[in-house]
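Chemist: Okay, here's the structure, questions in a sec.
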Amino acid sequence: MREYQLALTERINSATNAPVPTIPMLGVSIGEDRWLVPMNSISEVLLVPKITPAPYTQRWFLGVINVRGNLYGISDIAAYFGNPPTPITAKSRILLFSPRLGVNSGLLVSNLLGIRNLNEFKQLEGHDVAHRAIKARQFEDKQDRLWLELNLRALIHEQSFICIGR
């Protein structure tokens with residue numbers, strides 16, 4: 001019994017010392033800023049399709065798109081944050097929220113910056129957060145560029161994001 005307890009204690013200690021796996025992040029440009037979005041909160045990245053406008057909605061709500069028979073509400077996240085509207089170019093993309101978030105929604109972003117690992121960044125402390133959607137974490141990369149983390153789960157719980165009507 002003693003040997004079993006020692007073996008179990010050793011396994012528990014080795015498990016607590018194991019590195020915590022990090023969720024891969026997708027780097028995107030939103031306006032002039034660099035953002036990190038957890039890959040597990042995105043189901044798909046699309047070229048910008050035809051967006052059907054919805055009348056009497058906020059200026060940042062662009063309308064709806066049809067993806068394989070499912071409608072998704074599309075928001076210009078830069079405009080939502082109070083920045084100028086995102087121009088749609090060849091580099092623009094739509095990020096569709098993961099179905100596990102429970103909403104058929106997507107965001108227009110300016111550009112994709114690739115898949116990133118948080119181990120590549122240094123987390124910064126002490127900063128102001130304008131929206132809860134920014135997970136209160138800022139990072140700096142090896143080139144001393146600032147990156148913000150976008151929390152889609154928090155974004156869909158913001159009353160101002162949910163209420164798209166004017």
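The values are calculated or read from the model by the stated rules, or taken from the named source; none is laboratory data. This is a predicted model, so every value here is computed, not measured. In this analysis, Cβ positions are derived from the backbone assuming ideal geometry, glycine residues included, and neighbour counts consider all displayed protein chains. We work out accessible area using only protein heavy atoms, side chains counted, and drop any ligands, DNA or RNA first. Shrake-Rupley method; radii C 1.70, N 1.55, O 1.52, S 1.80 Å.
Chemist: So which residues in the stretch 139-166 are open to solvent by 30 Å² or more (accessible area, probe 1.4 Å) and either under 15 Å from Ile30 (Cα atoms) or of a type in the set (Val, Ile, Thr) (or both)? So that I can check it myself, show each step before the final result.
Modeler: Quick first cut of the stretch 139-166, residues open to solvent by 30 Å² or more (accessible area, probe 1.4 Å) only: 140, 142-146, 151, 153, 157, 159-160, 162-166.
Selection gives Arg145, Leu146, Asn151, Ile162, Ile164.
Chemist: Shifting gears a bit: Restricting attention to the stretch 83-99, which residues are in contact (Cβ under 8 Å) with a residue 40 or more places away in the chain, over 14 Å from Leu46 (Cα atoms) and not hydroxyl-bearing (Ser, Thr, Tyr)?
Modeler: Those that are in contact (Cβ under 8 Å) with a residue 40 or more places away in the chain, over 14 Å from Leu46 (Cα atoms) and not hydroxyl-bearing (Ser, Thr, Tyr): Asn83, Pro84, Pro99.
Chemist: Please go through the stretch 67-86 and give me each residue that is in contact with a strand residue (DSSP E or B) (Cβ under 6 Å, 6 or more places away or on another chain) and not in a strand (DSSP E or B), ordered by number.
Modeler: Looking only at the stretch 67-86, we keep the residues that are in contact with a strand residue (DSSP E or B) (Cβ under 6 Å, 6 or more places away or on another chain), and these are 71-78, 85-86.
Scanning the stretch 67-86 gives Ile77, Ala78, Pro85, Thr86.
Chemist: Considering only the stretch 87-97, I want to know if a residue exists there that is more than 14 Å from the chain's Cα centre (by Cα) and not in a loop (DSSP other than H, G, I, E, B).
Modeler: At the first step, the residues of the stretch 87-97 found to be more than 14 Å from the chain's Cα centre (by Cα) are 87-92.
Filter again for not in a loop (DSSP other than H, G, I, E, B), leaving none.
Taking every residue of the stretch 87-97 in turn, none turns out to be more than 14 Å from the chain's Cα centre (by Cα) and not in a loop (DSSP other than H, G, I, E, B).
Chemist: Test of understanding: among Val64, Val45, which residue is in a strand (DSSP E or B), under 12 Å from Val109 (Cβ atoms) and either basic (Lys, Arg) or open to solvent by 40 Å² or more (accessible area, probe 1.4 Å) (or both)?
Modeler: Val45
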